[in-house]
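**Q** Before anything else, here's the structure in question.
The values are calculated or read from the model by the stated rules, or taken from the named source; none is laboratory data. If you're wondering where the values come from, they're calculated on a predicted model, not measured in any experiment. Here the Cβ positions follow ideal geometry from the backbone for every residue, glycine too, while neighbour counts run over all protein chains shown.
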Amino acid sequence: MAKRGPTYICQACGAVYHRWQGKCDSCGTWSSLSEEAQAAPVPGARGSSGKARGRVFALESLKGDTQDAPRIVSGISELDRVTGGGFVPGSVLLIGGDPGIGKSTLLMQACAALALSGRRVVYVSGEESTGQVRLRAERMGLADAPVDLAAETNVEDIIATLGQGNRPALVVIDSIQTMWSGEVESAPGTVTQVRGSAQALIRYAKTSGACMILVGHVTKDGQIAGPRVVEHMVDAVLSFEGEGAHAFRILRGQKNRFGATDEIGVFEMTGKGLSEVTNPSALFLAGRDQAAPGAAVFAGIEGTRPVLVEIQALVAPTSLGTPRRAVVGWENSRLAMVLAVLETHSGLKLGQHDVYLNVAGGLRVNEPAADLAVAAALVSSLSGAILPPESVYFGEIALSGAIRPVSVAAARLREASKLGFEAALMPSGGADHGDGGGLSLRRFGHVTELVADIAA
Ligand code: TYD
Ligand code: MG
């Protein structure tokens with residue numbers, strides 16, 4: 001067995017070193033290494049006889065054993081959509097998000113909904129007293145829900161508590177960073193403790209069949225703080241996002257063993273907790289200034305659902321030596337690429353201009369299909385020509401300037417038609433969409449055609 005010296009663990013990413021150093025090679029954070037006792041061996045693992053444990057099964061012999069995982073449906077449809085149709089018994093879900101974004105609120109609502117349907121639900125708070133949790137529930141009008149509350153931070157005590165009474169269907173741990181296990185010799189909050197606590201809780205979920213939700217804090221750059229390792233240990237990772245100034249919040253699946261990962265759920269924070277937003281496009285397009293140049297509506301897809309969102313660009317002469325490029329809600333590198341394509345193929349002069357790009361409403365768009373809407377918004381802002389407000393845009397731009405077809409165009413067109421749009425500016429290749437659901441389809445093969453169209 002390897003010699004056990006002191007171990008230094010990066011508190012940001014969980015990388016392990018045998019010697020102290022100033023900077024973590026793995027994540028680049030400075031002064032994040034701290035000395036921790038080596039993680040204790042998993043209790044029970046040592047006693048393994050090694051004989052009958054590692055049995056193999058023929059895959060087909062397990063048929064019927066594991067048909068569709070049964071689901072615990074919360075009834076909060078935006079939440080069930082992201083989990084892939086409800087919580088799976090025996091699974092562990094990690095939900096991350098900035099402080100104050102509404103994680104505790106969302107989970108209390110889910111707990112209350114399940115408790116009211118007759119299941120045993122336990123909400124363990126390591127951050128707030130039971131009184132505080134109750135106050136929040138009262139504010140949301142859920143004070144009568146039969147949820148079991150506990151203010152506890154020691155995982156062994158929690159697991160013992162869970163063992164009393166009926167087997168819980170759902171257990172919420174708020175948050176994993178506040179938990180500590182007596183079997184791990186490290187201070188609470190350290191990576192070793194968080195990992196050790198998570199291991200114990202995950203083992204409990206797997207053996208008892210309860211669904212376990214762990215709340216995780218996130219760091220400045222949006223990583224779930226402390227152990228990335230916990231992300232690998234759980235079945236699903238969800239992140240709860242939102243812009244401080246906006247009331248709405250987006251729950252996004254980042255990893256999900258039981259469902260699609262790119263699904264989003266949209267909520268609005270109200271005075272009485274989170275309410276579901278079933279038509280996000282209408283929300284993202286609300287308050288749109290149709291008569292200003294630099295705005296284009298992008299027909300996007302989030303998970304399985306089409307979402308329309310306004311892309312805003314501002315192209316203004318710069319007073320700096322190096323012009324500014326600032327992006328909110330989209331990728332910087334993608335903007336740089338679209339700008340380069342426009343300069344090279346359409347002769348647009350952007351080198352003396354600052355460029356600002358914003359996805360309205362605080363949504364983060366990840367699709368290359370937004371290229372065409374971005375290009376249209378940029379050209380519109382630069383030229384001062386207002387884009388037709390009843391049009392939507394989608395299409396990917398290649399480095400050659402060609403506009404390439406994108407997936408699920410039909411759903412994008414349907415959503416645009418449903419919301420009263422009249423035209424779609426889209427790639428010339430791809431499927432034939434017939435009458436386009438009542439939209440007039442204007443197809444473009446190259447960015448030069450788009451630029452000429454906007455200038456005309
Ligand atoms: P919370 O769920 O405590 O956030 P987190 O657990 O992610 O840290 O929510 C905190 C914010 O939500 C707080 O600033 C107040 C606001 N809030 C409302 O606006 N309405 C409500 O009904 C509730 C319960 C909270
Ligand atoms: Mg909280």
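**Q** Where residues in the range 112-131 are part of a helix (DSSP H, G or I) and out of contact with any Ser or Thr (no Cβ under 9 Å at 6 or more places or on another chain), which of them is surrounded by the most Cβ atoms within 10 Å (Cβ to Cβ)?
**A** My answer is ALA112.
**Q** How many of the residues making up the range 418-448 are in a helix (DSSP H, G or I), of a type outside the set (Val, Ile, Thr) and either at pLDDT 95 or above or surrounded by fewer than 17 Cβ atoms within 10 Å (Cβ to Cβ) (or both)?
**A** Residues meeting the conditions: 2.
**Q** Counting only residues that are part of a loop (DSSP other than H, G, I, E, B) and either under 18 Å from ALA360 (Cβ atoms) or in contact (Cβ under 8 Å) with a residue 24 or more places away in the chain (or both), how many does the range 317-342 have?
**A** 7
**Q** OK, next. What is the one condition in (1) modelled with pLDDT under 85; (2) within 21 Å of GLY97 (Cα to Cα); (3) over 15 Å from the mean Cα position of the chain (by Cα); (4) not charged (D, E, K, R) that ALA291 does not satisfy?
**A** Result: ALA291 fails condition (2) only.
**Q** Could you tell me whether any residue of the range 186-203 is more than 28 Å from the chain's Cα centre (by Cα) and either more than 13 Å from ligand 2 (Cβ to nearest atom) or free of Cβ contacts under 8 Å to residues at least 40 places away in the same chain (or both)?
**A** Yes, some residue in the range 186-203 is more than 28 Å from the chain's Cα centre (by Cα) and either more than 13 Å from ligand 2 (Cβ to nearest atom) or free of Cβ contacts under 8 Å to residues at least 40 places away in the same chain (or both).
**Q** Within the set of pairs 6+ apart or on separate chains, which have a first residue in the range 429-451 that is assigned by TED's automatic domain parsing to the domain that holds ILE403, a second that is charged (D, E, K, R) and crowded, with 18+ Cβ neighbours inside 10 Å, and C-beta atoms under 7 Å apart?
**A** Hits for this filter: GLY429/ARG404; GLY437/ARG414.
**Q** Looking at the range 80-113 only, could you name the residues that are closer than 20 Å to GLY271 by Cβ and away from ligand 2 (no atom under 14 Å from the Cβ)?
**A** Across the range 80-113, the qualifying residues are ALA112, ALA113.
**Q** Out of PHE284, PHE298, report the one residue that is buried (at least 17 other Cβ atoms within 10 Å of the Cβ), of a type in the set (A, V, I, L, M, F, W, C) and not in a strand (DSSP E or B).
**A** Only one candidate passes the filter, namely PHE284.
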